[in-house]
Structure formats: structure tokens, C-alpha cells
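What follows draws every value from the coordinates through simple rules; no lab data is involved. Treat the numbers as computed from the prediction; the structure is a model and nothing was measured. Cβ sites come from the backbone with ideal geometry, for glycine too, and all protein chains shown count toward neighbours.
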Amino acid sequence: MVPTASREPAAPADAEPRPDLRELAAALEGTPAEQGLRERKKRARRAALIDAAQALVAEHGLDAVTVEMISAEAGVSARTFFNYFETKDDAVLGAEDVGLSEDDIRTFVDGGPTGRLLSDLQSLVSSLLTPHAETHGRTVRAMDLLQREPRLLQRHVVWMDRHKTQLVELFEARRAVKPFSTDNELLTMLVLLLIRTTLVAWEHTGYTGGPADHLPAAVAQLVDVVAHDLDS
């Protein structure tokens with residue numbers, strides 16, 4: 001006899017269809033409202049860790065403060081702390097990755113919003129400065145603690161290097177769509193310089209308005225220097 005191929009029993013006519021992988025993933029992620037709630041809780045927990053770290057370091061000094069102290073003050077476990085920050089120094093500084101939305105990234109990579117590289121860099125820097133405006137008090141405290149605790153500068157440099165890597169990737173993506181000749185290193189240093197100059201200008205005005213309000217003046221200084229050299 002010729003063996004017949006084994007067959008799975010046919011599903012009943014009224015059986016529900018199996019969900020595909022995308023449906024399963026969506027079910028696990030929850031509804032948009034549930035996702036939004038989780039994201040708000042994450043942001044609140046992160047803010048609590050920053051507030052705790054800054055307050056403890058301001059009171060006891062950087063060396064005397066531990067991750068366990070920060071976690072306890074924020075009401076979370078030390079394990080949870082490391083879901084948000086690599087070190088206690090990062091928590092004090094409120095360090096996070098480049099804060100650009102998908103729309104910001106897509107617009108810049110596609111050659112926008114103006115098509116002029118310096119103007120588009122200004123728009124990029126303005127977006128990067130937005131989180132500082134939203135967390136005004138924490139940014140001010142971080143800048144003050146940077147001056148009081150020189151060791152924090154080392155971690156700040158690490159944070160800047162991470163930003164440089166992400167920015168280079170962004171520049172390369174734009175270069176492939178809208179070619180330009182300016183070196184990535186120069187553009188990266190220009191972005192970081194504009195961020196730093198703008199934050200210092202914001203500090204000097206007693207933190208009037210938001211940091212992005214002082215960005216046009218920083219760009220104008222840069223343009224003035226270049227124009228002066230060209231005229232001389």
C-alpha cells in the first residue's frame with residue numbers, strides 16, 4: 001500500500017482564525033491609550049530619578065551619593081534605576097539620547113525644512129534644545145552641579161561623544177539624499193557649539209524664556225564672524 005500523507009484535522013467551520021504576528025504584537029503593546037499611559041509613567045519615573053539624584057548630590061556631594069540612595073529617594077529599585085541611566089552621573093545630568101522626533105529626522109534627512117544646510121542645522125538644534133525648555137529647573141540644576149562637581153564633566157564628554165555618533169549617522173543619511181561637501185566632524189562640532197553657546201546665553205539672561213529663544217543670536221554671531229573674514 002502507498003502511505004498516505006498525514007493531514008491535520010480540519011478546523012471547525014466556526015473556528016476563529018489565528019491572529020498573525022502583527023496582530024499579536026499589537027495586542028501585547030496594548031491600545032494607544034495604554035501605550036501613552038506607560039510612556040507617561042516612564043517619563044515620570046525618569047524625572048523622579050533626576051530630581052532625587054540632583055537633590056542628594058546638592059546636599060551631600062557627588063562622592064557620598066550612591067545609586068541605592070537615589071533609587072530609594074525616587075521610590076524605585078536599583079535595578080529599575082539602570083533601566084533609565086548607566087551611571088549616577090547620568091542621572092544628575094539628566095542625560096538622554098538625541099531628542100529628535102521621527103518627523104524632525106525625516107525632514108532633515110530629506111533635505112528640509114529649507115534646503116539650506118546652515119538654516120536646517122539651526123532647526124535641528126532648536127529641536128534638540130526643546131527638552132531643556134520642558135525641564136527648565138532640572139537643566140538649571142544640572143548646569144550648576146557641573147560647576148560644583150568637576151568630575152561630572154567627564155561624563156558630560158561621554159554624553160557628547162554619543163551625540164556625535166548619532167549626529168554623524170544623521171548627516172550621512174542626508175548626504176545620500178541631498179549631497180553636500182561639508183565634513184561631518186565640522187557639522188557635529190558646529191551643532192554642539194551652538195547648543196553650548198545657546199545654553200550659556202540662556203544662563204546669562206537669568207534663564208529668560210526658553211533656550212531656543214537665544215539660538216538665533218548664536219547663529220548670527222557665527223554668520224557675522226564668517227562674513228567679517230570674507231570682507232577683510
A chain fully extended from LYS41 to ALA176 at 0.36 nm per residue, minus the present Cα-Cα distance, gains in nm 44.8 nm
In nm, the gap between the two label points placed 7 Å beyond Cα toward Cβ at SER77 and ARG162 is 2.3 nm
Checked segment 50-174 against the a/c 1.5 cut and the a/b vs b/c comparison, axes a ≥ b ≥ c from its Cα gyration tensor; verdict prolate
Looking only at lysines whose Cα falls under 19 Å of LYS88's and that sit 8 or more positions away or on another chain, we get LYS42
Label model pair GLN154, LEU186: point-to-point distance (7 angstrom along the Cα→beta-carbon line) in nm is 3.4 nm
Magnitude of the Cβ-charge dipole (Lys and Arg +1, Asp and Glu -1) of segment 166-232 about the Cα centre, nearest 20 debye, reported as 240 debye
With 0.36 nm assigned to each residue of separation and the Cα-Cα distance removed, VAL225 to THR205 gains 4.9 nm
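Give, rounded to the nearest 20 debye, the magnitude of the charge dipole that segment 71-208 has about its Cα centre when Lys and Arg contribute +1 at Cβ and Asp and Glu contribute -1 at Cβ.
Charge dipole of segment 71-208: 200 debye, to the nearest 20.
Would you kindly state how much longer the chain becomes between GLN147 and ARG196 on full extension, computed as 0.36 nm times their sequence separation minus their alpha carbon distance, in nm to one decimal?
Taking 0.36 nm per residue and subtracting the Cα distance, the gain is 16.2 nm.
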